[in-house]
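**Q** Okay, handing you the structure first.
The values are calculated or read from the model by the stated rules, or taken from the named source; none is laboratory data. Just so we're clear, the structure is a prediction, and the values are computed from it rather than from any experiment. Here the Cβ positions follow ideal geometry from the backbone for every residue, glycine too, while neighbour counts run over all protein chains shown. The protein model used for the area step is the full one, side chains on, heavy atoms only, and it has no ligands, DNA or RNA in it. Shrake-Rupley method; radii C 1.70, N 1.55, O 1.52, S 1.80 Å.
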Amino acid sequence: MIQKILCVDDDPITLMLYKMVIAKATLAETVIVAKNGQEALEYYESLRSEDSEDYPQLIFLDLNMPVMGGWEFLDNFIDQKFKPFNEKTKIIVLSSTIDPKDIEKVKNYPIIMDFISKPVTKDMLEKLKERL
């Protein structure tokens, strides 16, 4: 079981669904949420300033969000200052987009473990547990 997952999505219903499905699949002990990429980066900034080792091992990331979207989050997260986190963190892009450009762009980010279409399901998470 994963200790902590961060779900980054601007839709409160989707965030609630993530929490419910993650609990049913017993995938993680703790689920943290952020409404956009900026909130997620601020969360990691606070972990960095506290020199915390208690950070998410997995991030579920939406691509299309206000304030800061998923691609911008990724570009910032792979920065040197977040290296201690991103070396040990896997990201799964969960998006409603089926744009082939997005699917191709994922390949440019080795930190991304998979690209999955929404909505997340218990079966999806069961298969993911096997891969982790």
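**Q** For Thr89, indicate whether it is touching a residue at least 24 places away in the same chain (Cβ under 8 Å), in contact with a strand residue (DSSP E or B) (Cβ under 9 Å, 6 or more places away or on another chain) and closer than 17 Å to Ile2 by Cα.
**A** Details: touching a residue at least 24 places away in the same chain (Cβ under 8 Å): yes; in contact with a strand residue (DSSP E or B) (Cβ under 9 Å, 6 or more places away or on another chain): yes; closer than 17 Å to Ile2 by Cα: yes.
Judged against the criteria, Thr89 is a match.
**Q** OK, next. Of these, Lys107, Lys83, Lys101, which one is surrounded by fewer than 16 Cβ atoms within 10 Å (Cβ to Cβ) and within 20 Å of Gln38 (Cβ to Cβ)?
**A** The match here is Lys83.
**Q** In region 96-105, is there at least one residue being touching a helix residue (DSSP H, G or I) at 6+ places or on another chain (Cβ under 8 Å), assigned to a strand (DSSP E or B) and at pLDDT 85 or above?
**A** Within region 96-105, the subset touching a helix residue (DSSP H, G or I) at 6+ places or on another chain (Cβ under 8 Å) is 105.
Those still in the list that are assigned to a strand (DSSP E or B) too: none.
Within region 96-105, not a single residue is touching a helix residue (DSSP H, G or I) at 6+ places or on another chain (Cβ under 8 Å), assigned to a strand (DSSP E or B) and at pLDDT 85 or above.
To keep it simple, each residue is scored yes or no on (1) more than 13 Å from the chain's Cα centre (by Cα); (2) open to solvent by 30 Å² or more (accessible area, probe 1.4 Å).
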| residue | (1), (2) |
| --- | --- |
| Ile13 | yes, yes |
| Tyr18 | no, no |
| Leu27 | yes, no |
| Ala34 | no, no |
| Tyr44 | no, no |
| Arg48 | yes, yes |
| Asp51 | yes, yes |
| Asp54 | yes, yes |
| Gln57 | no, yes |
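**Q** Given the conditions (1) without any contact (Cβ under 8 Å) to a residue 40 or more places away in the chain; (2) of a type outside the set (Phe, Trp, Tyr); (3) assigned to a loop (DSSP other than H, G, I, E, B); (4) over 16 Å from Phe77 (Cβ atoms), and given that Val120 satisfies all but one, which numbered condition is not satisfied?
**A** The number of the failed condition is (1).
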